[in-house]
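Chemist: This is the structure, below, for whatever I ask next.
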Amino acid sequence: MKMIRKLGLAVALLAASQMASAATVTNMDFETGAISPWFGTGSVTNTAGEVFAGNYSGKIVGSQSLIQTVGLIAGTTYDFMWRFIAGDYLPFNDTSFVITDAGYNVLASVATVGNYGDSGWRYFSWVPTSNYNGPIVFGIANLGDNQLDSTLLLDAAVPLPGAALLFGSALLGAGALRRKQQAAAKKAALAVA
C-alpha cells in the first residue's frame, strides 16, 4: 500500500512539473496560420521543409523581425525551435537573434553555419528569474549588404504530452511493484524448502 501511495505522489509531482514547463509564448507554434499576436515584418509559412511540427511556422527573411509583448512568469520554462538558413557568405555575416527578458541572444550566423549553411532545427530554452512584462523579439541583422537574405524559421518545441508521461510513469511503477512481489514470493518459496 505504501508503494502505491509513493507511486501516486510521484505521478502527481511529475504531472505538476510537466504543466509548469509547458507554459509557452502565445502562438509560438503559428498553427493558427495567422501572425497575430506577433507583429513586425515577418510572416507565417507552410512550405514543406520549413515547418518543424504541425502545419505552420514563423518566417523571418533579410532584416525582418517578429515581436510580441509577453508576460513571463519567474521560474517557468519557455522554449521554442529555430532554424537559420544562411543565404549569404562571409564577410557578410548575417546574424539571427532573439531578445528575451535576459537580453540579446545570438542564435546563429553565417560564421557559425558557414557560407550558405543551414543550422537545422535547434532547441532554445530559458527560465526567467523574475516576472517580466515586455517584448520578445526575433530577428536577423543582415550585415554588410542587402543583396542576399538569410532566413530564420520559428516553431514551438513539441513537449511529450502529460498523458504519455503519466502512462509511462504508471507502467514503470507497476513493473517495479511486480518485481518486488516476485522477489518476495521467491524468497518465501526458498524459506519453505
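Chemist: Would you be able to say whether some residue in the range 35-44 is within 24 Å of Val110 (Cα to Cα), under 17 Å from the mean Cα position of the chain (by Cα) and among the small types (Gly, Ala, Ser)?
Modeler: There is no residue in the range 35-44 that is within 24 Å of Val110 (Cα to Cα), under 17 Å from the mean Cα position of the chain (by Cα) and among the small types (Gly, Ala, Ser).
Chemist: Could you list, in sequence order, the residues of the range 62-79 that are assigned to a strand (DSSP E or B) and within 19 Å of the chain's Cα centre (by Cα)?
Modeler: Once the filter is applied, which keeps residues that are assigned to a strand (DSSP E or B) and within 19 Å of the chain's Cα centre (by Cα), the range 62-79 yields Leu66, Ile67, Gln68, Thr69, Val70, Gly71, Leu72, Tyr78, Asp79.
Chemist: Among the residues of the range 80-97, how many are surrounded by fewer than 21 Cβ atoms within 10 Å (Cβ to Cβ) and under 17 Å from the mean Cα position of the chain (by Cα)?
Modeler: 2
Chemist: Tell me which of these Gly139 doesn't satisfy, since it passes every other one: (1) of a type in the set (Gly, Ala, Ser); (2) at pLDDT 95 or above; (3) farther than 20 Å from Gln68 by Cβ.
Modeler: Against the list (1) of a type in the set (Gly, Ala, Ser); (2) at pLDDT 95 or above; (3) farther than 20 Å from Gln68 by Cβ, Gly139 comes up short only on (3).
Chemist: Can you find even one residue in the range 92-114 that is in contact (Cβ under 8 Å) with a residue 40 or more places away in the chain, assigned to a strand (DSSP E or B) and among the charged types (D, E, K, R)?
Modeler: Within the range 92-114, not a single residue is in contact (Cβ under 8 Å) with a residue 40 or more places away in the chain, assigned to a strand (DSSP E or B) and among the charged types (D, E, K, R).
Okay, residues lined up against (1) buried (at least 20 other Cβ atoms within 10 Å of the Cβ); (2) in contact with a Ser or Thr (Cβ under 8 Å, 6 or more places away or on another chain):
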{"position": "Tyr78", "(1), (2)": "yes, yes"}
{"position": "Gly103", "(1), (2)": "no, no"}
{"position": "Ser119", "(1), (2)": "no, yes"}
{"position": "Thr129", "(1), (2)": "no, no"}
{"position": "Asn142", "(1), (2)": "yes, yes"}
{"position": "Leu148", "(1), (2)": "no, no"}
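Chemist: Return the pair list, or none, for Cβ contacts closer than 6 Å from residues in the range 43-57 that are part of a loop (DSSP other than H, G, I, E, B) to residues that are of a type in the set (A, V, I, L, M) and modelled with pLDDT under 95, at least 6 apart or on different chains.
Modeler: Note: pairs meeting the criteria are Ala53/Val158.
The values are calculated or read from the model by the stated rules, or taken from the named source; none is laboratory data. Just so you know, these numbers come straight off a predicted model, no measurement behind them. Neighbour counts are summed over all protein chains in view; Cβ atoms, including those assigned to glycine, are modelled from backbone coordinates with ideal geometry.
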